[in-house]
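Contents: one structure, followed by commentary.
The values are calculated or read from the model by the stated rules, or taken from the named source; none is laboratory data. Here the structure is a predicted model, which is why all the values come from computation and not from measurement. A quick note on method: Cβ atoms are made from the backbone with ideal geometry, for glycine too, and the neighbour counts reach across all protein chains shown.
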Amino acid sequence: QARLTIRNIQALRDGGERIAMLTAYDNVTAAVLDQAGIDIILVGDSLGNVVLGHPTTLSVTLDDMIRHGAAVHRGTARALIICDLPFGTATDPETALRSAITVLQQTGCQAVKIEGGAPAAPTITRLREQGIPVMAHIGLMPQAVHQLGGYYVHGKNAESAERLMETALALQHAGAFAIVLECIVPDLAAEITRRLTIPTIGIGSGAACSGQVLVVNDLIGLNIERPPSFVVPRADVAAVIREAACAYVAEVKNASGQSKETQVD
Ligand code: KIV
Ligand code: NA
């Protein structure tokens, strides 16, 4: 089974088959998602919040992405692997090109994702010219949280809806192979999906996109805080870990001198 390519992803969209995408940040989680048949794994800069305990994604560095991107890539054989370019590493086309080259060379990932509106278009074109596929990302852009003034749904009024539609078309024209629509009102996300010929990947943007992406920790319930309202957790892994650890603590505390390990094979 060869690894999926951006052509396979476009073919899924063209054939009307939904694209399933999740984030991953470590080797074993990526391997399990790959076994489950996930189409795309995103090494998201949500790494900052989810794994590193930062309040926003702004603290994530290119070195962070490279370390985790390489671990994810090593764990997988089938999924298309995309790595986020973190805050400050895609500020202009040449800076983004240097960043993307480093990521592809040092991780094995096949593509990068860049947050940004219409100003990201020249960057997308530049990378594409150099053979680097780019996934665009519009709507709620966490790297711009201080500019946006918080995390909220985008495209609610006619003016903002029109701007998002124009941006999506401009980024497709610039050469993006797909586009993430994050927290965009569902009717608008559906309209953008109809107008574009590249796949749209939704998160918190309704069911009509060409595919869906979630932060894997939200899907499996491996978090301390409640996940966003649009997520339906499929497991409670935090509870599984807590129970196993509690049982282990109790067993160690109650051991009467003789060692009785829980896992010996
Ligand atoms: O970093 C991330 O996890 C993302 C997805 C939520 C799209 O960018
Ligand atoms: Na991200």
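Here are some notes:
- Matching residues in region 61-87 - criterion: being more than 25 Å from Ala238 (Cα to Cα), of a type outside the set (Phe, Trp, Tyr) and either outside any helix (DSSP H, G or I) or within 13 Å of the chain's Cα centre (by Cα) (or both): Thr61, Ala77, Arg78, Ala79, Leu80, Ile81, Ile82, Cys83, Asp84, Leu85, Pro86
- Conditions (1) more than 16 Å from ligand 2 (Cβ to nearest atom); (2) over 17 Å from Asp39 (Cα atoms); (3) polar (S, T, N, Q); number of the one not met by Ser210: (2)
- Residues that are within 16 Å of ligand 2 (Cβ to nearest atom) and part of a strand (DSSP E or B) were ranked within region 1-60; the one that is surrounded by the fewest Cβ atoms within 10 Å (Cβ to Cβ) is Leu22.
- For region 82-110, the set of residues classified as closer than 16 Å to Ile179 by Cα and surrounded by fewer than 24 Cβ atoms within 10 Å (Cβ to Cβ) consists of Gln110 only.
- Selection status of Arg98, among the basic types (Lys, Arg), out of contact with any helix residue (DSSP H, G or I) (no Cβ under 6 Å at 6 or more places or on another chain), part of a helix (DSSP H, G or I) and farther than 25 Å from Asp39 by Cα: yes
- Taking region 111-179 and the helices (runs of 4 or more DSSP H) fully enclosed by it, the elements with 1 or more residues that are within 15 Å of ligand 2 (Cβ to nearest atom), surrounded by fewer than 21 Cβ atoms within 10 Å (Cβ to Cβ) and not small (Gly, Ala, Ser) are at 145-148.
- Within region 180-205, the set of residues being out of contact with any helix residue (DSSP H, G or I) (no Cβ under 6 Å at 6 or more places or on another chain), part of a loop (DSSP other than H, G, I, E, B) and within 16 Å of ligand 1 (Cβ to nearest atom) comprises Cys183, Gly204.
- Pairs meeting the criteria (first residue in region 7-29 and within 18 Å of Arg234 (Cβ to Cβ) and among the polar types (S, T, N, Q), second residue in a loop (DSSP other than H, G, I, E, B) and at pLDDT 95 or above, beta carbons under 7 Å, at least 6 apart or on different chains) are Thr23/Gly44; Thr23/Ser46; Thr23/Val215.
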